[in-house]
Amino acid sequence: MAAYRIFIIDDEPLISHALRIVIEAEADMEVAGVADSGIEGLAAIDRLRPDLVLMDVRMPAMDGIECTRRIKLRYPDMLVLILTTYNEEAYIIDGLAHGANGYLLKGLDFALLVSTIRSTLRGQYVLPAEVAAKLSAYLMNNKPGLQELNALPAFITERHTLTNREKDILLLLGNRLSVREIAAELNIGEGTTKNYLTIIYEKLNVANRYEAIDLVRNGR
């Protein structure tokens, strides 16, 4: 039986090296490749088509959430495990919303890491207890209508020239609606919504939806 092919995307060489050693020690797994950024990782994945990607979150040029989104658009069945030291609720929500198959915290016991990879390859969604607790608390505190953002902060509209449509989309994004939900709410296509979001990110000088949401809701 052919070994499962794992691709690692992480900008910390020591972590990538450690993951490679652990994975290649398993008879049924091999490392298909390693990249230190989302852009480099996407290009390699197009060539290598691994079975599973271990994905860091905070990386230069393209973060892990955006990279996961693009992988899932191109290869819906490719498995992605988000591997990070950051366990903020927004990362959990955004990662899973964009199709990630699980979420792991760096520093995890290597035996448990291997076990989690195998569980994911078997089709299971994996959330460590700590992450599941964070997710549960987030959902409890963000029920529909609770803590809803009803208007964009004044500093957004004062500092940035946004069209009315862009303001509508940004407000819905601030309430953590997905691209599909925003498109349905405004009766426009998902492709059109993505194009608007690209323009909005440029105007706000942010890299992705997470940074845009953080700016709108927290002012940073």
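The values are calculated or read from the model by the stated rules, or taken from the named source; none is laboratory data. The shown structure was predicted, so the numbers you read here are calculated from the model rather than taken from an experiment. As a convention, Cβ positions derive from the backbone with ideal geometry for all residues, glycine included, and neighbour counts pool all protein chains shown. The area values use the complete protein model at the heavy-atom level, side chains included, leaving out ligands, DNA and RNA. Shrake-Rupley method; radii C 1.70, N 1.55, O 1.52, S 1.80 Å.
Quick look at the values:
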{"item": "So I45, is it open to solvent by 20 Å² or more (accessible area, probe 1.4 Å) and within 17 Å of S16 (Cα to Cα)", "result": "no"}
{"item": "Set E24, E12, E30: member being open to solvent by 80 Å² or more (accessible area, probe 1.4 Å) and more than 20 Å from P60 (Cα to Cα)", "result": "E24"}
{"item": "Close pairs from region 158-187: first outside any helix (DSSP H, G or I), partner of a type in the set (S, T, Y) and at pLDDT 90 or above, Cβ under 8 Å, at least 6 apart", "result": "none"}
{"item": "The listed residue being closer than 23 Å to G219 by Cβ and open to solvent by 60 Å² or more (accessible area, probe 1.4 Å), out of E185, E190, E181, E158", "result": "E158"}
{"item": "Selection status of L149, out of contact with any Phe, Trp or Tyr (no Cβ under 8 Å at 6 or more places or on another chain), open to solvent by less than 40 Å² (accessible area, probe 1.4 Å) and at pLDDT below 85", "result": "yes"}
{"item": "Filter result (without any contact (Cβ under 8 Å) to a residue 12 or more places away in the chain and within 18 Å of A2 (Cα to Cα)) within region 12-46", "result": "E24, A25"}
{"item": "Qualifying residues in region 202-220 (those that are without any contact (Cβ under 8 Å) to a residue 24 or more places away in the chain and over 16 Å from the mean Cα position of the chain (by Cα)) - the one least open to solvent (accessible area, probe 1.4 Å)", "result": "N218"}
{"item": "Matching residues, region 96-105, being under 13 Å from L54 (Cβ atoms) and either buried (at least 16 other Cβ atoms within 10 Å of the Cβ) or out of contact with any strand residue (DSSP E or B) (no Cβ under 8 Å at 6 or more places or on another chain) (or both)", "result": "A100, N101, G102, Y103, L104"}
{"item": "Single residue of K72, K134 found to be crowded, with 16+ Cβ neighbours inside 10 Å, at pLDDT 90 or above, of a type in the set (K, R) and within 28 Å of I9 (Cα to Cα)", "result": "K72"}
{"item": "Within region 188-201, considering residues that are assigned to a helix (DSSP H, G or I) and among the hydrophobic types (A, V, I, L, M, F, W, C), the one nearest to the chain's Cα centre (by Cα)", "result": "L197"}
